[in-house]
Amino acid sequence: MPDAALPAMRSGRVAWQLAQTLWVGGVWMLHFVLLPALEKFGLAPLLVQEIAGFMRPLVVGFAVACVLLQCLLAWVVLRRPIWRDLRGQMLLLVLVAAAGFFLVVLLPRGDYWQLFSYLVIAFAGLVLILQPRPDEEVPRRGEAAQKSL
């Protein structure tokens with residue numbers, strides 16, 4: 001590998017990890033830490049709902065921007081369509097759930113569907129965090145046995 005490619009690969013790793021940390025951490029912090037803390041603090045439930053209604057679209061929009069960056073990085077590193085990889089599938093699931101988050105506002109009882117979409121985004125992010133970065137090759141089950149022979 002040429003020495004000129006190493007800084008580019010390192011910056012891709014940093015960009016992947018930073019984007020993933022920011023959007024997944026933001027989604028989880030808002031829903032599972034900040035909003036319950038505000039309720040526990042004693043704010044009126046209507047005020048907490050108003051804060052959630054303001055913050056969730058911002059966090060989902062930020063997640064979309066970070067996921068698009070991650071899609072680009074995965075496409076560059078994997079050099080194949082991203083939907084053939086679990087990481088790419090999770091990124092596409094987040095994009096679909098985010099589109100659903102913004103589209104279900106028009107439906108009756110859309111707030112429940114928005115919450116469902118938000119939780120799909122959160123848990124897809126959790127699955128994505130458990131996967132290795134696209135630049136880390138993990139041998140498949142059969143490959144390790146074949147290499148040892």
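Some points to look at:
One line per residue, one yes/no per condition, for (1) touching a helix residue (DSSP H, G or I) at 6+ places or on another chain (Cβ under 7 Å); (2) over 14 Å from Y118 (Cα atoms); (3) among the basic types (K, R):
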{"site": "F32", "(1), (2), (3)": "no, no, no"}
{"site": "F41", "(1), (2), (3)": "no, yes, no"}
{"site": "L46", "(1), (2), (3)": "no, yes, no"}
{"site": "A52", "(1), (2), (3)": "yes, no, no"}
{"site": "M55", "(1), (2), (3)": "yes, no, no"}
{"site": "F62", "(1), (2), (3)": "yes, no, no"}
{"site": "A97", "(1), (2), (3)": "yes, no, no"}
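- Residue in region 6-19 that is touching a Pro at 6+ places or on another chain (Cβ under 9 Å), closer than 19 Å to I121 by Cβ and modelled with pLDDT under 95 present: yes
- Flag if F41 is of a type in the set (F, W, Y) and modelled with pLDDT of 95 or more: no
- Within region 134-147, considering residues that are of a type outside the set (A, V, I, L, M, F, W, C), more than 20 Å from the chain's Cα centre (by Cα) and in a loop (DSSP other than H, G, I, E, B), the one modelled with the highest pLDDT: E137
- Inside region 42-101, residues that are under 18 Å from L126 (Cβ atoms), of a type outside the set (S, T, N, Q) and in contact (Cβ under 8 Å) with a residue 40 or more places away in the chain make up a count of 12.
- Considering (1) modelled with pLDDT of 90 or more; (2) more than 19 Å from L18 (Cα to Cα); (3) not in a helix (DSSP H, G or I), the lone condition that Q131 does not fulfil carries the number (2).
- Of all residues making up region 53-99, the number that are at pLDDT below 95 and of a type in the set (G, A, S): 3
The values are calculated or read from the model by the stated rules, or taken from the named source; none is laboratory data. This structure is a prediction, so every number in the text was calculated from the model and none was measured. Cβ coordinates were reconstructed from backbone atoms using ideal geometry, including for glycine residues, and neighbour counts include every protein chain displayed.
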